[in-house]
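Q: Pasting a structure here, questions to come.
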Amino acid sequence: MKKLFLILFLSIFCLGFSQKKKKAKTKVVAEKETVIIYTETEAETSNEPRIIAGFLKQNPGHARTDFFKKRLITIIMADNSPEAKPTIKPLSKDKIEKIVSNSELNKGKEMAANTGSAAKPERNVSYASLGSTSKKAEPSDKAKKTANMLTHIFNHDPSDKEAYISIKNKSNCRLIVKISGKKYYNIDVPAKGQNFILIEKGEYVLTTMVCDAKYSSLKKIHRDIEIQLDVAE
């Protein structure tokens, strides 16, 4: 009888220990979603046109607007240098200055100074010229992406049908995030890195594997957001 009781006790103990061990191996994804707000420090230290352009749009009356415009021009020019992209026709400084100092940026100052006016927003800005090429060359994917992103950021039309998702990967594993809904998108995010994608506004399911942890979340995308993903400890 004692032996039977001992065997039963050991079996229950081993089963409980095994289940506890399995639970300990189960990883959970830690998610943090925020509305994207650009700071002056980010605009001053970042080399991403997206961040500087976003700061200019969110702070149209800022005292250092001219400084950040010049910085944005410098970064775009460096990105379009003939040494970096021999098959792409680079932009002239005058052309980039016209892009950055366009009416949409100036419109922000007018809106800040005259909030009582209710002028109908217009979308007449095009950054497609960022990918200007000769007849034999096509703009690079990076140039197209930058042009589309800047056009979206500087667009003041509330009926804009696009929003962008920025994915910040805090884990040590590369992510392939699938975005499924009215349309389908994939975004590749390096370990300890960040990437963004412009999508049509709507309801989507985001899925990926963060190392060994499965992530799935339903999102209603109606504005620019940032999603930070990591493996919870």
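Q: Using a 1.4 Å probe and ignoring any ligands, DNA or RNA, find the accessible area of T26 and quote it in Å² to the nearest 10.
A: Counting only protein heavy atoms, T26 exposes about 90 Å² to solvent.
Q: Between R223 and K182, how many nm apart are label points set 7 Å from Cα along the C-beta direction?
A: My value for the distance between the label points is 1.9 nm.
Q: Could you tally the net charge around E33, taking each other residue with its Cβ under 10 Å from the Cβ of E33, Lys/Arg +1 and Asp/Glu -1?
A: 0
Q: On a C-alpha basis, how far is the centre of segment 35-66 from the centre of segment 156-233 in Å? Whole number, if you could?
A: Here the answer is 22 Å between Cα centres.
Q: How many nm separate the modelled label positions at V205 and E48, each set 7 Å beyond the Cα in the direction of the Cβ?
A: Reported label-point gap for V205 and E48 is 2.8 nm.
The values are calculated or read from the model by the stated rules, or taken from the named source; none is laboratory data. Quick caveat: nothing in here was measured; it's all calculated off a predicted structure. Neighbour counts run over all protein chains shown; Cβ positions are idealised from the backbone, glycine included. Ligands, DNA and RNA are excluded from the accessible area calculation, which covers all protein heavy atoms including side chains. Shrake-Rupley method; radii C 1.70, N 1.55, O 1.52, S 1.80 Å.
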